[in-house]
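Structure first, then comments.
The values are calculated or read from the model by the stated rules, or taken from the named source; none is laboratory data. As the structure is a computational prediction, the values presented were derived from the model and not from experiment. All Cβ positions, even for glycine, are placed from backbone atoms using ideal geometry, and neighbour counts span all protein chains on display. Side chains included, ligands, DNA and RNA excluded: accessible areas come from the protein's heavy atoms. Shrake-Rupley method; radii C 1.70, N 1.55, O 1.52, S 1.80 Å.
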Amino acid sequence: MKIATAQLTCTPADLTGNLKQLGGLAEEARGRGAELVVFPELALTGYELDAVLSRRDLWIRPDDARLDALRAAGIGIVVNCVAATEEERPAIETLVFGPEGDLLTTYRKQHLFEHEQEAFVAGRHDGRFEFGGLRFGLATCFDNHFSALLSRVAADRCQVLLASSLYGTSGGVEELARVYPGIAEAFGLHVVLANHVGPAGPWTGCGRSGLWSPGGGLLVQADAERAMVVLADVEPGAA
């Protein structure tokens with residue numbers, strides 16, 4: 001399977017504009033032969049916590065009609081957003097849609113980072129889905145720093161970890177370069193990272209979205225400057 005990761009510079013709190021960007025990147029990924037594309041953390045709004053916490057119109061549910069065009073892109077979609085919950089606080093949630101627009105699974109970020117802890121509801125369940133003969137695990141940014149979660153991904157027969165994230169240009173460059181190939185090597189997983197590039201709330205995303213093989217080897221990586229799609233072949237058992 002060809003899997004794509006897409007990085008972009010989100011327009012702050014602009015659902016319509018960001019969905020248009022995501023749709024264009026999804027179309028590019030499909031045109032280049034990808035069957036699945038992964039987007040960064042909070043790709044629908046950007047990492048704009050003040051805005052998303054004060055504006056419930058930016059909260060998403062899986063059946064939200066505003067996602068119709070993205071669901072119709074003809075490719076598997078992994079998109080992270082601010083999601084309405086059964087509680088007063090929202091969640092940081094990943095929605096996974098199949099190429100026909102069907103909802104394959106949802107996943108809520110379990111390990112909330114610092115200031116996120118007071119703003120969002122933490123997830124309590126692991127994210128899994130099967131697509132195209134592969135079994136996938138989901139994790140969002142800070143989740144990928146916790147070995148217990150990653151051990152469960154590997155123990156649950158997943159072959160690919162999909163990581164929607166935000167790493168900045170300060171310490172994030174070194175962190176990204178250490179964490180994701182390390183996961184691939186330590187847990188025997190293909191790893192797909194989607195990161196922001198450019199302004200992202202209080203940070204500047206460092207780009208470098210990429211895919212790693214189970215041995216920790218880099219398959220492909222985006223640059224640190226611009227919105228773009230990169231993709232690689234992922235095969236069960238390939239290292």
Going through (1) open to solvent by 50 Å² or more (accessible area, probe 1.4 Å); (2) touching a strand residue (DSSP E or B) at 6+ places or on another chain (Cβ under 8 Å); (3) outside any strand (DSSP E or B) one by one, F120 fails only at (1)
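If we keep just the residues of region 153-165 that are surrounded by 15 or more Cβ atoms within 10 Å (Cβ to Cβ) and out of contact with any Ser or Thr (no Cβ under 9 Å at 6 or more places or on another chain), which is farthest from F39 (Cα to Cα)? First the steps, then the outcome.
Start the filter on region 153-165 by keeping residues that are surrounded by 15 or more Cβ atoms within 10 Å (Cβ to Cβ), which leaves 153-154, 158-165.
From the residues that got through so far, the ones that are out of contact with any Ser or Thr (no Cβ under 9 Å at 6 or more places or on another chain) too are 153-154, 158-161.
Working: V153: 20, A154: 22, C158: 20, Q159: 19, V160: 15, L161: 13 Å.
Selected residue: A154.
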Name every residue in region 18-33 that is open to solvent by 10 Å² or more (accessible area, probe 1.4 Å), within 19 Å of V197 (Cβ to Cβ) and touching a strand residue (DSSP E or B) at 6+ places or on another chain (Cβ under 7 Å), in order of residue number. L25, E28, R32
Pairing a residue in region 176-204 that is over 11 Å from G217 (Cα atoms) with any residue that is of a type in the set (F, W, Y), where Cβ atoms lie under 6 Å and the two sit 6 or more apart in sequence or on different chains, gives L176/Y167; L193/Y180; A194/F39; N195/Y167; A200/Y47; G201/Y47
Residues located in region 181-227, provided they are at positive phi and part of a strand (DSSP E or B): G198
So L44, is it over 17 Å from M228 (Cβ atoms), over 17 Å from the mean Cα position of the chain (by Cα), modelled with pLDDT of 95 or more and not aromatic (F, W, Y): no
What is the one condition in (1) under 20 Å from V179 (Cα atoms); (2) of a type in the set (D, E, K, R); (3) under 16 Å from the mean Cα position of the chain (by Cα) that E93 does not satisfy? (1)
Pairing a residue in region 2-14 that is part of a strand (DSSP E or B) with any residue that is at pLDDT 95 or above and aromatic (F, W, Y), where Cβ atoms lie under 9 Å and the two sit 6 or more apart in sequence or on different chains, gives T5/F39; A6/F39; Q7/F39
Taking into account only those residues within region 129-149 that are within 18 Å of I92 (Cβ to Cβ) and of a type in the set (A, V, I, L, M), which is surrounded by the fewest Cβ atoms within 10 Å (Cβ to Cβ)? L149
